[in-house]
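Below: the structure, in structure tokens.
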Amino acid sequence: MEAINNLISGGGVEDVLFNVFAALTLLCGVLVIANPFSRSPVTSAMFLVLTIISMSGLFVLLHAFFLAAVQILVYAGAVMVLFLFVIMLLDLKEEARRNIKFFWLIGGLVSVGSIFAIFIKSLTHNYFEEFASSSKLPSPKLEGDTVALGKLLFTQYTLPFEIVSVLLLVAMVGVILLSKKKLE
Amino acid sequence: MDWNFIIFSVVKVAVVFGVLMTMVAYSVMAERKIAAWIQDRPGPNRVAPPFVKYIPVLGPFLTRIGFFQPLADGLKSFLKEDFTPGGVKKIYFWLAPAVAVVPALMTVAVIPFGSVMGSQKMVIADLNVGILYTFGIVSLGVYGIVLAGYAANSKFPFLGGIRASAQMISYEIAMGMSVIPVLLIAGNLNLSGIITWQATHGWLICYAPISFVIFIVSALAETNRTPFDFAEAEQELAGGYNVEYSSMKFAMFPMGEYAAMLASAGMMVTLFFGGWTLPFWCLDQPAHSLGMGLAHILVFIAKMLFFMVVFIWIRWMVPRFRYDQLMDLGWRRFLPLALANILITAIALWIWS
């Protein structure tokens with residue numbers, strides 16, 4: 001009883017939840033790409049949904065409620081449903097039967113290795129302390145406050161925001177162009 | 001976080017869940033009764049436990065309005081043979097009914113169903129981003145139907161699942177766009193905040209009527225109700241995504257549908273019709289006594305039931321659309337309309353403030 005009381009009042013619940021969500025994110029992420037029980041694309045897609053949901057749990061623990069909600073709304077609710085739609089329409093039977101080939105393994109190891117190297121480099125080189133000491137950057141104030149996020153997006157980061165929007169528009173126009181059978 | 005919070009939260013969750021499940025059961029009964037009334041037939045009017053006929057006036061009355069029908073329906077669902085066809089994908093076949101019900105129940109967590117009772121706010125989770133949470137969870141509701149269609153491993157359920165995924169994504173967009181004017185006017189993403197705003201300024205239906213029209217039609221499409229019930233479509237798909245299901249697993253799908261209807265009725269009441277407030281009898285202030293708190297909850301439930309009746313009524317009055325008409329309505333009518341609505345509202349707010 002005492003232990004539970006301490007856990008609740010001392011913020012220990014958040015630590016426990018962080019570990020649960022982090023473990024879930026990693027586990028489901030691995031199961032998306034390397035599921036030993038099923039090679040069905042639908043299963044992979046469903047584990048990707050679980051990964052996204054547990055990641056939004058991590059966002060909630062960081063008090064970034066807006067990001068958490070948008071993560072579920074956009075990725076789990078819309079993008080992944082479209083993935084499922086396409087998978088079901090294409091009926092990827094041979095994908096389920098395909099085995100892992102040696103060449104893919106090499107390619108995968110190279111890309112994972114390079115990303116790992118970048119992580120090691122950035123973790124050992126402590127940028128955060130540098131930023132904190134130089135005090136050039138204001139400390140980010142995005143604690144789940146939608147107003148703050150909106151203000152930042154439309155003042156400090158207007159240009160990147162608009163460029164991303166244009167990129168999406170270009171992608172959409174490209175898809176429409178490609179899906180037309182005949183180009184006039 | 002302390003023990004008080006945990007205990008009260010658990011109590012609230014339990015009570016809301018109980019009330020919601022009862023309302024789901026009696027919504028099914030209401031659906032059958034209203035359908036009967038519209039089609040000029042008596043509807044369920046004879047199921048009753050044996051001892052009821054000895055109660056003088058009340059007994060026959062309750063039997064005649066079909067009061068005991070949900071009990072019989074539930075019992076029937078539990079006792080029927082739970083048959084799993086040979087070719088199904090087992091895991092998804094078992095998972096799909098649960099996935100269909102859970103999102104609908106989770107949506108209710110952020111809807112404020114009353115002001116305060118004692119020192120407790122009558123909402124399970126007073127989230128900062130209440131509306132976004134609701135839309136996020138509602139958007140997960142499609143997985144139940146899609147997985148059911150996929151798991152059944154036969155043609156008609158599969159077509160139902162495919163239809164559902166395309167339909168629900170399309171209408172989510174129109175639905176999300178339609179509430180943005182409401183957020184702009186109220187200036188808040190928190191549902192309690194929106195209700196407080198409405199208590200002082202009047203119901204939002206007066207400020208954003210177009211939003212409400214788009215919202216209610218999209219809600220019909222999101223909950224797979226006629227005129228947009230393409231995922232089931234008995235005449236075309238023989239029942240659609242739930243063809244291969246039987247017993248309680250089948251019953252979970254209607255349960256999820258009615259829970260989703262109740263949740264969207266609750267959202268409509270909260271966003272456009274002032275939530276638990278009424279503009280007279282001092283019902284628009286947070287309650288000071290337990291009685292007033294209870295009155296607020298009753299007001300909320302009454303408004304919600306009104307929209308449930310509207311939902312049911314629409315089902316029995318309007319025929320199903322054609323699929324291309326559905327897509328046309330969602331993408332070529334509602335989306336531009338909702339965008340124009342946002343723009344006009346923003347300009348109006350800019351001029352008048």
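When segment B:1-52 is limited to residues that are outside any helix (DSSP H, G or I) and of a type in the set (A, V, I, L, M, F, W, C), the one that is surrounded by the fewest Cβ atoms within 10 Å (Cβ to Cβ) turns out to be B:M1.
Using the structure shown, decide if B:V318 is in the same structural domain as B:D229 (by TED's automatic domain parsing) and closer than 26 Å to B:Y207 by Cβ.
On the way: in the same structural domain as B:D229 (by TED's automatic domain parsing): yes; closer than 26 Å to B:Y207 by Cβ: no.
Spelling it out, it is not the case that B:V318 is in the same structural domain as B:D229 (by TED's automatic domain parsing) and closer than 26 Å to B:Y207 by Cβ.
Of all residues in segment B:175-195, those satisfying the criterion of being surrounded by 24 or more Cβ atoms within 10 Å (Cβ to Cβ) and within 18 Å of the chain's Cα centre (by Cα) are B:M175, B:S178, B:V179, B:L191. Against the numbered list (1) surrounded by 12 or more Cβ atoms within 10 Å (Cβ to Cβ); (2) among the small types (G, A, S); (3) at pLDDT below 65; (4) more than 30 Å from B:G149 (Cα to Cα), A:A148 comes up short only at (3). State whether one or more residues within segment B:75-83 are over 28 Å from the mean Cα position of the chain (by Cα) and among the polar types (S, T, N, Q). No: segment B:75-83 contains no residue that is over 28 Å from the mean Cα position of the chain (by Cα) and among the polar types (S, T, N, Q).
If I go through segment A:44-68 residue by residue, how many of them are outside any helix (DSSP H, G or I) and either more than 10 Å from chain B (Cβ to nearest Cβ) or small (G, A, S) (or both)? Give the derivation first.
First, pick out the residues of segment A:44-68 that are outside any helix (DSSP H, G or I): A:62-64.
Checking which are either more than 10 Å from chain B (Cβ to nearest Cβ) or small (G, A, S) (or both) leaves us with A:62, A:64.
Residues that pass the stated criteria total 2.
The test for being more than 12 Å from chain A (Cβ to nearest Cβ) and either in contact with a strand residue (DSSP E or B) (Cβ under 8 Å, 6 or more places away or on another chain) or in contact (Cβ under 8 Å) with a residue 24 or more places away in the chain (or both) does not hold for B:G144.
Residue-by-condition table, conditions (1) among the small types (G, A, S); (2) farther than 26 Å from A:S54 by Cα; (3) in the same structural domain as B:Q325 (by TED's automatic domain parsing); (4) at pLDDT 85 or above:
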| position | (1), (2), (3), (4) |
| --- | --- |
| B:M117 | no, yes, yes, no |
| B:Q120 | no, yes, yes, no |
| B:G136 | yes, no, yes, yes |
| B:P181 | no, yes, yes, yes |
| B:G187 | yes, yes, yes, no |
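Whether any residue in segment B:78-95 is free of Cβ contacts under 8 Å to residues at least 12 places away in the same chain, farther than 22 Å from B:A219 by Cα, β-branched (V, I, T) and away from chain A (no Cβ under 13 Å) is what I want to check. Looking for residues that are free of Cβ contacts under 8 Å to residues at least 12 places away in the same chain, farther than 22 Å from B:A219 by Cα, β-branched (V, I, T) and away from chain A (no Cβ under 13 Å), one finds at least one in segment B:78-95, hence yes. Evaluating B:V138 against the criteria (1) facing another protein chain (nearest Cβ under 10 Å); (2) under 23 Å from B:A338 (Cβ atoms); (3) free of Cβ contacts under 8 Å to residues at least 40 places away in the same chain; (4) of a type in the set (A, V, I, L, M) leaves one unmet condition, (3).
Counting only helices (runs of 4 or more DSSP H) wholly contained in segment B:53-158, the ones carrying 3 or more residues that are of a type outside the set (A, V, I, L, M) and buried (at least 20 other Cβ atoms within 10 Å of the Cβ) occupy B:90-107, B:130-140, B:142-152.
For every residue, the table says whether it meets (1) modelled with pLDDT of 80 or more; (2) in a helix (DSSP H, G or I).
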position	(1), (2)
A:V70	yes, yes
A:A76	yes, yes
A:M80	yes, yes
A:E94	no, yes
A:I100	no, no
A:G108	yes, yes
A:S111	yes, yes
A:F119	yes, yes
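Listed by position, the helices (runs of 4 or more DSSP H) inside segment B:175-258 whose residues that are among the hydroxyl-bearing types (S, T, Y) number at least 3 are B:191-201. Restricting attention to segment A:69-88, the residues that are over 15 Å from A:T43 (Cα atoms) and facing chain B (nearest Cβ under 7 Å) total 6.
Take the residues in segment A:126-136 that are surrounded by 10 or more Cβ atoms within 10 Å (Cβ to Cβ) and not acidic (D, E), then tell me which one is modelled with the highest pLDDT.
Applying the filter and picking the extreme gives A:N126.
The values are calculated or read from the model by the stated rules, or taken from the named source; none is laboratory data. The structure displayed is predicted, hence computed values, not measured ones. FYI the Cβ positions are ideal-geometry reconstructions off the backbone, even for glycines, and counts take in every protein chain you see.
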